[in-house]
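Take a look at the structure below.
The values are calculated or read from the model by the stated rules, or taken from the named source; none is laboratory data. What you see is a predicted model; the values in this text were computed from it and never measured. Cβ sites come from the backbone with ideal geometry, for glycine too, and all protein chains shown count toward neighbours.
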Amino acid sequence: MDRRLFLSAGAALAAAAALPGPIAAAADLAKLPNAPPPITPQERAARIAKAQGLMRAQGMSALLVEPGASLIYFTGVHWGRSERLTAAVIPVEGEILVVTPFFEEPSVRESLAVGADVRTWQEHEDPLALVAGWLKERKLASGVIGIEETVRYFAVDGLKRNLPDATLRSGAGVVRGCRMIKSPAEIALMQHAADITVAAYRHTVPRIERGMNPRDIGAIMNGATKALGGEPEFALILLGEASAYPHGSGKPQAVRDGEVVLMDCGCTFEGYQSDISRTLVFGEATKRQRTVWDQMRRGQQIAFEAAQLGVEAGRVDDAVRRYYESLGYGPDYRLPGTSHRTGHGIGLDGHEPVNFVRGETTRLAPGMCFSDEPGIYIPGEFGIRLEDCIHMTAQGPKWFSVPPTSLDSPL
C-alpha cells in the first residue's frame with residue numbers, strides 16, 4: 001500500500017477535531033480490490049493427504065475432529081459445537097467420515113468442500129457408536145485413534161466406551177504438522193485480512209474525537225472493516241490508564257488530551273485472521289510516552305530480527321526480554337515491563353500454536369505465522385503495544401503489516 005496515505009498523529013487528530021457533528025459513516029468505503037480466491041477443494045484434499053501421511057508416520061489409524069478451525073481446515077464445514085455431535089474422522093487412508101444429526105445433514109453439506117461418507121444419527125442414538133461402527137467396518141477399531149486437541153471430553157469418553165480395544169491419544173502432532181505451515185493461498189488470504197485492517201485504521205484514527213469511549217471508536221473501526229470486505233473479529237480499545245492492562249479495564253474510559261489510545265483490532269477474510277495493534281496519543285505526547293513508545297517499537301524489531309529460520313520459537317521471546325531488562329523493565333514478566341508472551345501463532349484461529357514464549361522449542365520454518373507484540377505496560381500510568389504479524393519465508397521473516405516508525409506516524 002502507498003505509505004503516503006498514512007496520516008501523522010497530529011494531522012489525523014486535527015482532522016478529527018475539524019469534523020462537524022456526527023462521525024462520518026463508512027458508506028464511502030468500498031471493498032479492497034484484488035481479493036485472493038478462497039481455498040480450493042483441491043487444496044483441502046491435499047491437506048487430508050498430508051494428514052494421512054503424518055498419521056502413517058506416527059502409527060495412527062484415524063483422527064477425530066470436532067467443529068472449529070480444524071474442521072474448516074480439512075473439510076470446509078462451518079459448524080458450531082453443541083451437545084449434538086457433528087464431527088469428522090480422517091482415516092489413515094481413503095475417504096473421510098462426517099457424522100451429523102439427521103436433521104442437520106442438508107445444512108452441513110452446504111459448506112462441505114471435500115468428498116466424504118456422510119452418516120447421520122437420530123436424536124435417540126449415540127453418535128459415537130456410529131463413529132465406532134464406521135471404524136470397525138474399516139478394521140481400524142483396535143488401532144491408535146488421534147484426538148484433535150480441542151475435542152471435548154464427552155466425545156473422547158464416548159469413543160473410548162464404544163471402542164474398548166482402541167488406543168486414544170493426542171492428534172496434535174498431526175494437526176499442527178498441517179496447520180502450522182501455511183500455503184501460499186493461505187498467506188495471500190491473511191495478507192488481504194491485514195490490508196483490510198490497516199485500511200480500517202486509516203479510516204478510523206482521523207475520526208477519533210475528545211470524549212469518545214471505547215465503544216464509539218470500536219463501532220467506527222468495525223464499520224470500516226465490514227465496508228472494506230472483512231468480517232470484524234474484535235476491536236479492543238483501551239484509553240488512558242486502561243492501556244496499562246493488556247486486555248483492558250471495566251472502568252469508564254474516554255478520550256482525553258495527552259492520554260494514550262491503544263487499539264487492538266482484527267478481522268477475518270475467508271476465515272483467515274488479522275491481528276494488528278496501534279498506540280497513539282490524543283493531542284501532545286509527553287517525553288515519557290515517546291520514550292516508552294520508542295522502546296517498545298525497538299523490542300518489536302528485535303523480535304523480528306531474532307525470528308530466523310531454524311531458531312527455536314522461544315528464543316524470540318528471550319531476545320526481547322534481555323533488551324527490556326537492560327532498560328530496567330522486569331525482570332521476566334514483572335511490571336513495569338511486558339507481562340505476556342512476545343507473540344502467538346495465527347491463521348484460521350486468532351491464537352494458535354505455536355507461540356513466541358520462553359521454552360518453546362519448535363524451530364521456525366517457512367510458512368509459519370506469528371504476531372509480534374512485546375508490549376510495555378506501566379500500571380497506574382499507560383501501556384504501549386504495537387502488534388504486527390509476520391510469516392516465515394525461505395529468506396526469513398516478512399511483515400504482513402509494516403510497523404509504524406514513530407509516535408508521530410502511529411499508523
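Based on this model, can you work out whether Arg315 counts as of a type in the set (Lys, Arg) and either under 28 Å from Ala172 (Cα atoms) or not assigned by TED's automatic domain parsing to the domain that holds Ser249 (or both)?
In short, yes.
Per-residue answers, yes or no, for (1) assigned by TED's automatic domain parsing to the domain that holds Val131; (2) in a helix (DSSP H, G or I); (3) over 22 Å from Lys136 (Cα atoms); (4) in contact with a strand residue (DSSP E or B) (Cβ under 7 Å, 6 or more places away or on another chain):
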position: Val89; (1), (2), (3), (4): yes, no, no, yes
position: Leu97; (1), (2), (3), (4): yes, no, no, yes
position: Val108; (1), (2), (3), (4): yes, yes, yes, yes
position: Ala113; (1), (2), (3), (4): yes, no, yes, no
position: Val118; (1), (2), (3), (4): yes, no, no, yes
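Restricting to segment 356-384, what's the tally of residues that are closer than 21 Å to Tyr73 by Cβ and touching a Ser or Thr at 6+ places or on another chain (Cβ under 8 Å)?
2
Can you pull out every residue in segment 386-411 that is touching a Pro at 6+ places or on another chain (Cβ under 7 Å) and farther than 15 Å from Ile181 by Cα?
Leu386, Asp388, Pro404, Pro410, Leu411 - these are the residues of segment 386-411 that are touching a Pro at 6+ places or on another chain (Cβ under 7 Å) and farther than 15 Å from Ile181 by Cα.
Please count how many residues of segment 77-86 are crowded, with 20+ Cβ neighbours inside 10 Å and under 23 Å from the mean Cα position of the chain (by Cα).
Total meeting the criteria: 2.
Return the pairs, sorted by first residue and then second, in which the second residue is of a type in the set (Asp, Glu) and assigned to a strand (DSSP E or B), the first residue lies in segment 329-345 and is touching a residue at least 24 places away in the same chain (Cβ under 8 Å), the beta carbons are less than 9 Å apart, and the residues are 6+ apart or on different chains.
What qualifies is Thr342/Asp372; Gly343/Asp372; Gly343/Glu387; His344/Glu352; Gly345/Glu352.
In segment 272-295, how many residues are of a type in the set (D, E, K, R), touching a strand residue (DSSP E or B) at 6+ places or on another chain (Cβ under 9 Å) and under 18 Å from Glu381 (Cβ atoms)?
3
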